[in-house]
1. Can you tell me the orientation of helix 75-85 relative to the chain, as the angle in degrees between its alpha-carbon axis and the longest Cα principal axis, to the nearest 10?
2. Can you give the Kirkwood hydrodynamic radius for the chain, in Å, rounded to one decimal and based on Cα pairs?
3. Quick check on the chain: of the DSSP beta bridges with both residues there, what percent are antiparallel, nearest 5%?
4. Tell me the label-point distance for the pair residue 5, residue 103, using the 7 Å Cα-to-Cβ offset, in nm and rounded to one decimal.
5. So what is the 222 nm mean residue ellipticity for the chain from helices alone, if each DSSP H run of at least 4 adds -39500 (n - 2.57) and you divide by all residues, rounding to the nearest 500 deg cm²/dmol?
6. Evaluate E = 1/(1 + (r/R0)^6) for residue 156 and residue 68, where r is the Cβ-Cβ distance and R0 equals 30 Å; express this FRET efficiency to the nearest 0.05.
7. Using the beta-carbon distance between residue 44 and residue 114 and R0 = 22 Å, what value does 1/(1 + (r/R0)^6) give for FRET efficiency, to the nearest 0.05?
Amino acid sequence: MMNRMFTNVASTSSFEHAVTAGVKNPKRLWILTPPHAVVDGSTWPSPIVTGPYGLTNLNVKINGTPQYVSNLSSLPELWAELKKAMPPSVAGLDTSSQLTFSDFVKTHRIHCLDISRYVHRVNGDPNALITINVTGNPTSSTPVDFIYLIEREIECVINFSQTGVTVTPGV
């Protein structure tokens, strides 16, 4: 699920964005903050190239309750959250070996927040609708666009027969 409704944000003051008013079974929230209006252009390489632009004092509210006791403020804290989401490298067991801390700071300021543990607190129902808000501060006054990606878990039923395969999406 992608939500890119916040554009041209040019302030270092705090904000709260309502990312979604109802999503089922979210697992992680990815936040990209490329410079304003460059992703749709022909000269910018990718939305994951954010340059040094990112967020500080970052927190996510699930149904109005902050996910983190303290806001994520420092680059090492934000980097640690991203590293948790990265798969192990082929060469070893260290995660995110393809993206260094230096690359994170200078080029790919990707924010990833694990929200999977919160879903199970909602009456034990992974299909309950969840409201997600993000609070934070942009790191500079240069205008940026916010791209929010919600990673969800969706179940499906796959039936194999002599005549073919059918896939029925779940909720």
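1. That helix lies at roughly 20 degrees to the long axis.
2. It works out to 17.5 Å.
3. Within the chain, antiparallel bridges account for around 95 percent of the total.
4. With each label point 7 Å from Cα toward Cβ, the separation is 3.3 nm.
5. -3000 deg cm²/dmol
6. Efficiency, from the Cβ-Cβ distance: 0.40.
7. Computed FRET efficiency for residue 44 and residue 114: 0.20.
We did not get these values from a lab; they are worked out from the coordinates using the rules stated. These numbers were taken from a predicted model, which means no experiment stands behind them. Virtual Cβ from ideal backbone geometry, glycine too; neighbours counted across all protein chains shown.
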